[in-house]
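Report on the following structure.
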Amino acid sequence: KDLVRLLMRVCHIEPFKEFWATLLHNPNSLIPKFNGLQELLKIRTPTKFVKLNISVELQNKISFILAKVRFGQHLHHEKWLSKQYLSSLTSQTLLPDIMRFIVACVVPTNEILASDVLPRWAFCGYILSQCNNLQVTSATRLSLIWDWLLFNENRNTIMDIEPGLLLMQQSRKIHPQVTYGILDFLLRLVKEFYPPMEDEIRRGIVNSFRCCIKVRK
């Protein structure tokens, strides 16, 4: 499914533009009986492919922060990360892939969850704060809630949607614009992401919230 996310970012460039149009409107011409986006979006991406989008050094730094750095002592590490990796204009293209790495590849243990280590949701908020234009913000939000689309408890877990949910919950009082921005993005995706799958996407997002409520109980 992450192939779709990556293609969305380059679909305006030739020859990806032509391939994207074929994938949307005539997928059978690529592979017989292939259903295009409907089929790809239901296939979970192995984490080894998600990791390929950022350097090993950056992976290790993020993993260290989310496993060892205490909440409240994280600003130094975030400033270093910004200076080292996010200080150039071209580095903006990294932000969606960093967000996706956090959500898909960094799964905290129960011990970490019970500790005062910087939680994923807080680090995701920091990554969103580094976006400097609407296009990058949209792509980074999409990476955050990518697993909400078509969420199904048979192929997804609460950890797939936990960072986005907690970021909305924790931001609602002190940074309400973050919460409203993500919620508005989710609601617009239902109709705008891919109209032929509107019902399935709506069902996936509803399933995400139901899973969150069930776990909380």
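The condition of being assigned to a loop (DSSP other than H, G, I, E, B), within 27 Å of TRP148 (Cβ to Cβ) and either open to solvent by less than 60 Å² (accessible area, probe 1.4 Å) or in contact with an Asp or Glu (Cβ under 9 Å, 6 or more places away or on another chain) (or both) holds for ASN53. For the residues ALA104, ALA122, ALA139, the requirement of being touching a Pro at 6+ places or on another chain (Cβ under 6 Å), of a type in the set (A, V, I, L, M, F, W, C) and touching a residue at least 24 places away in the same chain (Cβ under 8 Å) singles out ALA139.
Evaluating PHE151 against the criteria (1) open to solvent by 20 Å² or more (accessible area, probe 1.4 Å); (2) not in a helix (DSSP H, G or I) leaves one unmet condition, (1).
Residues in the range 173-209 that are in contact with a Phe, Trp or Tyr (Cβ under 9 Å, 6 or more places away or on another chain) and open to solvent by 90 Å² or more (accessible area, probe 1.4 Å): ARG203 only. The residue that is farthest from the chain's Cα centre (by Cα), counting only those in the range 154-168 that are open to solvent by 40 Å² or more (accessible area, probe 1.4 Å) and without any contact (Cβ under 8 Å) to a residue 40 or more places away in the chain, is ASN154. Here the condition is being in contact (Cβ under 8 Å) with a residue 12 or more places away in the chain, out of contact with any Cys (no Cβ under 7 Å at 6 or more places or on another chain), farther than 19 Å from TRP146 by Cβ and among the hydrophobic types (A, V, I, L, M, F, W, C); of LEU30, LEU81, LEU3, LEU40, it holds for LEU81 alone. Only one of the numbered conditions (1) closer than 21 Å to HIS74 by Cα; (2) buried (at least 16 other Cβ atoms within 10 Å of the Cβ) is violated by SER115, and that is (2). When restricted to residues that are surrounded by fewer than 18 Cβ atoms within 10 Å (Cβ to Cβ) and either free of Cβ contacts under 8 Å to residues at least 12 places away in the same chain or in contact with a Ser or Thr (Cβ under 8 Å, 6 or more places away or on another chain) (or both), the range 85-97 contains 5. Where helices (runs of 4 or more DSSP H) fall wholly inside the range 1-42, the ranges with 3 or more residues that are surrounded by 11 or more Cβ atoms within 10 Å (Cβ to Cβ) and among the hydrophobic types (A, V, I, L, M, F, W, C) are 2-10, 16-25.
The values are calculated or read from the model by the stated rules, or taken from the named source; none is laboratory data. For clarity, every value in this text was computed on a predicted model and none was experimentally measured. Virtual Cβ from ideal backbone geometry, glycine too; neighbours counted across all protein chains shown. Keep in mind that these areas ignore ligands, DNA and RNA; they rest on the heavy atoms of the full protein, side chains included. Shrake-Rupley method; radii C 1.70, N 1.55, O 1.52, S 1.80 Å.
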